[in-house]
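*Asks:* The structure follows.
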Amino acid sequence: MKILPTLLLLTSTCCAQTPQHTASIQQDENFPGDECLSKERVRQETDRFLSSVAKGAIPYEMMSSFAAEESKNNGITGEFAASASKHSTEISYLEEAPDESGRKIKHATFPENTCITSFVLSAPEELRKKCDDDGAYGVWYTFSVHNGDIQISDVSGNIYPECSEFR
């Protein structure tokens, strides 16, 4: 008879935590991160991206379908977007959080003994602040590994043609 209350307690504990875990997975479904990245691999992909935008083109071939749609929705297309994106040289390294929130931990420098699953390229903060008092001006490209390939998994930001600092 004492086994039944214990089973009910275990079931309610298990089921009460499941939605929180599921929400965490759904939050990160656009950031697959299925392998650890080396500092050298991050540098290679960053160089590849910046080489493309230096030629005046946003590298859509590097984007996931979700990132391409986000880029289009945010107006991050065309010649001026490529011009603004060439300033995306600040790298933030991301690792999966060990807590239940599922949020990634951001590192300014490449951390040792940590599994980096994605990274973000953005314009340096000091440049963003010249264009917008809130520091919100610029483009953020999130790169993640999926099936062994690094691709841009998310694009966000604001492009304002009147900001001469990005020309």
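*Asks:* Condition test on Phe66, is it at negative phi, at pLDDT 90 or above, among the hydrophobic types (A, V, I, L, M, F, W, C) and open to solvent by 50 Å² or more (accessible area, probe 1.4 Å)?
*Replies:* Details: at negative phi: yes; at pLDDT 90 or above: yes; among the hydrophobic types (A, V, I, L, M, F, W, C): yes; open to solvent by 50 Å² or more (accessible area, probe 1.4 Å): yes.
Yes.
*Asks:* If you don't mind, there's one more thing I want to ask. Among the listed residues Pro111, Pro124, which satisfies the condition of being open to solvent by less than 30 Å² (accessible area, probe 1.4 Å) and either of a type in the set (Val, Ile, Thr) or touching a strand residue (DSSP E or B) at 6+ places or on another chain (Cβ under 6 Å) (or both)?
*Replies:* Working: Pro111 fails: either of a type in the set (Val, Ile, Thr) or touching a strand residue (DSSP E or B) at 6+ places or on another chain (Cβ under 6 Å) (or both).
The conditions single out Pro124.
*Asks:* Let me ask something else. Within the stretch 92-106, restricting attention to residues that are open to solvent by less than 40 Å² (accessible area, probe 1.4 Å) and either under 16 Å from Cys36 (Cα atoms) or of a type in the set (A, V, I, L, M, F, W, C) (or both), which residue is modelled with the lowest pLDDT? Please lay out each step first, then the result.
*Replies:* As a first pass, look at the stretch 92-106 and keep what is open to solvent by less than 40 Å² (accessible area, probe 1.4 Å): 92-95, 97, 102.
With either under 16 Å from Cys36 (Cα atoms) or of a type in the set (A, V, I, L, M, F, W, C) (or both) added as a condition, the list becomes 92-95, 97.
On the way: Ser92: 94, Tyr93: 95, Leu94: 93, Glu95: 88, Ala97: 70.
Across the stretch 92-106, the extreme among qualifying residues is Ala97.
*Asks:* Kindly list the number of the only condition in (1) under 16 Å from the mean Cα position of the chain (by Cα); (2) surrounded by 18 or more Cβ atoms within 10 Å (Cβ to Cβ) that fails for Cys131.
*Replies:* It fails just one condition, (1).
*Asks:* Something else now. Kindly list, by first and then second residue, each pair from a residue in the stretch 70-89 that is within 20 Å of Arg48 (Cβ to Cβ) and open to solvent by 40 Å² or more (accessible area, probe 1.4 Å) to a residue that is in a helix (DSSP H, G or I) and small (Gly, Ala, Ser), limited to pairs with Cβ atoms under 7 Å and residues at least 6 apart or on different chains.
*Replies:* What qualifies is Thr77/Ser71; Lys86/Ala54.
*Asks:* Determine which single condition Leu4 fails, assuming it passes every other condition in (1) modelled with pLDDT under 75; (2) open to solvent by less than 90 Å² (accessible area, probe 1.4 Å).
*Replies:* Here Leu4 clears every test but (2).
*Asks:* Mind checking whether some residue in the stretch 40-51 is out of contact with any Asp or Glu (no Cβ under 6 Å at 6 or more places or on another chain), assigned to a loop (DSSP other than H, G, I, E, B), closer than 24 Å to Cys163 by Cα and open to solvent by less than 20 Å² (accessible area, probe 1.4 Å)? Break it down stepwise before answering.
*Replies:* Initially, the stretch 40-51 is screened for residues out of contact with any Asp or Glu (no Cβ under 6 Å at 6 or more places or on another chain), giving 40-51.
If we keep only those that are assigned to a loop (DSSP other than H, G, I, E, B) as well, we get none.
No - not one qualifying residue is present in the stretch 40-51.
*Asks:* Could I ask something else about it? Looking only at the stretch 134-158, filter to residues that are closer than 13 Å to Glu45 by Cβ and out of contact with any Ser or Thr (no Cβ under 8 Å at 6 or more places or on another chain); which one of those is surrounded by the fewest Cβ atoms within 10 Å (Cβ to Cβ)?
*Replies:* Filtering first and then ranking leaves Gly148.
The values are calculated or read from the model by the stated rules, or taken from the named source; none is laboratory data. These numbers were taken from a predicted model, which means no experiment stands behind them. Positions of Cβ are backbone-derived with ideal geometry, glycine not excepted, and every protein chain shown enters the neighbour counts. The protein model used for the area step is the full one, side chains on, heavy atoms only, and it has no ligands, DNA or RNA in it. Shrake-Rupley method; radii C 1.70, N 1.55, O 1.52, S 1.80 Å.
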